[in-house]
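Asks: Have a look at this one before I ask anything.
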Amino acid sequence: MAVLSPRRGGFAAKGAKRRGPGFDPLLWGIPIALTLLAGILIASTQRQQATTDWYQHWVTAAVGLVVALLLARVPLERIARFQWPIYILMVASLIAVRVIGVSALGAQSWINIGGFYVQPSEFAKVAAILLLAGVLSKYPVERPIDLLRPVAMISVPWLLVFVQPDLGTSLVFGAVLLVMLFWSGMPATWLLLLLSPLFTAIMAGTMPWLLLGWIPLMGWVAWRALPWKAVGLSLVLAVQGLFAVGTPWLWEHGLRPHQRARLTLFLDPAQDPLGGGYHLLQSTVGIGSGQLWGTGLMNGSLTKLRFIPEQHTDFIFSALGEETGFIGSMLVVVGFVVLIWRLLQIAGQASSDYESLVVVGIGAMLMFQVVVNINMTIGLGPITGIPLPFLSYGRSAMLVNCISLGLCASVARRSRSLRRWW
């Protein structure tokens, strides 16, 4: 029996358990290559220090790879049975961070377990994806009221991470939710309405005259797209007005000067070259100094002299740009693009909506982190503290990336497609 799957396109064989190829060169090869490169870059950033973070990065990746290979052999349906216990455990761990957590770099995000520092917010991303996939596959968003369930599910971990405070990771939850809602079949116009308050806030703080056209446009979209036209129009206009009026007030009275500077310094970091803009200035100088071919691995001058703070974690791309140049940086970017494309292929060939949504959620998580991190390091976005997948040093982040890889490999092995992936 065949069932039409409008979310992924084409027909899926109901209950099919067909296996795909045993080894997927793109799904496994790209992350492994990035991890090997990362160890060299991390060692380069710490040449003047007696540390072994590069070695620990590879050890963590090796452990994570074993976990990924084991998960690849487990059908996602079995894991789905534990999605609620996993979610509850995740929420409990985020609450524990507030009570017994360890602070570093201005955020209380870690728990010390037997000498190992674990970051629950990283694992919370996968737990949220698993639960959202279960909810959306069973209760697709067909009416505006259907949004309450997935939004409520994601709001709990989002809020607990936001108050740590960890703005970067909290943004990942929002990006994952929007992409999974769209993939589950929610109309694109509804997605636009969900995103519109963000654009309203940006316009209110930069070019308020644009609101004269933007707010009526969103009202027209609401009237055309929402089932309860009068109620929907009133609600959308009220939200738009709230953000239009509240954003300037919040900017002046709700944020501290250093918080405002962090959000705007990327536009002109030279206004505070020895303070808030120092990090970004040094990052862009390092990337630019690599020119076309780079200075060579382990030969970056700015990297060697540690001009860029936290370079082995969130700013590892600056070391990549300096030592491998434009060519090396573009190869890494292309690698990420190909990996995301492969995940979309796997999602489109999945044998169930649940599996498809899990893979898409993981793809959205990785894609958002890549885009935000690279934009941050080259000066096209504010510094938010989001790591670059497989490249930035971080044991919790690496384990989560490997777990995600294993879940996607599990779906690929049981793909409904009879064709080889290439």
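The values are calculated or read from the model by the stated rules, or taken from the named source; none is laboratory data. Everything numeric here is computed off the predicted structure, so don't read it as measured data. Note that we place each Cβ from the backbone using ideal geometry, even for glycine, and neighbour counts take in every protein chain shown. All accessible areas refer to the heavy atoms of the entire protein, side chains included, with ligands and DNA or RNA removed. Shrake-Rupley method; radii C 1.70, N 1.55, O 1.52, S 1.80 Å.
Asks: Calculate for the chain the 222 nm mean residue ellipticity that helices alone would give, adding -39,500 (n - 2.57) per DSSP H run of length 4 or more and normalising by residue count, nearest 500 deg cm²/dmol.
Replies: Using -39500 (n - 2.57) per qualifying helix, the result is -21500 deg cm²/dmol.
Asks: Which residues' amide hydrogens lie under 5 Å from the amide hydrogen of TRP110, considering only partners 5 or more residues apart or on another chain, with H built in the peptide plane?
Replies: So TRP110 has HN proximity to VAL102.
Asks: Across the chain, how many lysine pairs, 8 or more apart or on two chains, come within less than 28 Å at their alpha-carbon atoms?
Replies: Close lysine pairs found across the chain: 5.
Asks: Let me ask something else about it. Show me 182-189, 205-212 ranked by packing, highest mean number of other Cβ atoms within 10 Å first.
Replies: Answer by packing, highest mean first, reads 182-189, 205-212.
Asks: Let me ask something additional. Once fully extended, how much extra length lies between ILE100 and PHE82, figured as 0.36 nm per residue of separation less the alpha-carbon to alpha-carbon distance?
Replies: 3.9 nm
Asks: Calculate what fraction, in whole %, of the accessible area of the chain sits on carbon and sulfur atoms when a 1.4 Å probe is rolled over the protein chains.
Replies: 70 percent
Asks: Next question, about the same structure. Tell me the label-point distance for the pair ARG143, PHE162, using the 7 Å Cα-to-Cβ offset, in nm and rounded to one decimal.
Replies: Those two pseudo-labels are separated by 2.7 nm.
Asks: Say we join alpha carbon atoms closer than 10 Å with springs in a Gaussian network model of the chain; which of ALA68, ALA319, ALA204 then has the biggest fluctuation?
Replies: ALA204
Asks: Using a basic spin-label model with each label point 7 Å from the Cα along Cα→Cβ, how many nm lie between LEU195 and GLN56?
Replies: Result for the modelled spin labels: 3.8 nm.
Asks: Two decimals is fine: what is log10 I(q)/I(0) at q = 0.11, 0.12 Å⁻¹ for the stretch 198-337, from a Debye sum with one equal scatterer on every Cα and no solvent?
Replies: Treating every Cα as an identical point scatterer, log10 I(q)/I(0) equals -0.65, -0.72.
Asks: What distance in nm separates the two pseudo spin-label positions at VAL333 and VAL231, each 7 Å out from Cα along the beta-carbon direction?
Replies: 4.6 nm
Asks: Suppose all protein chains stay in the model; what accessible area per residue would a 1.4 Å probe give for the chain, in Å²?
Replies: 48 Å²
Asks: When the chain is treated as a GNM, springs tying every alpha-carbon pair under 10 Å, which of GLN311, GLN49, GLN369 comes out with the largest mean-square fluctuation?
Replies: Result: GLN49 has the largest fluctuation of those listed.
Asks: Where in the chain are the DSSP H helices whose C-alpha atoms run 24 Å or more along the long axis and whose mean Kyte hydropathy is at least 0.5?
Replies: 25-45, 53-72, 83-100, 120-138, 167-183, 188-206, 229-249, 316-348, 353-377, 395-413
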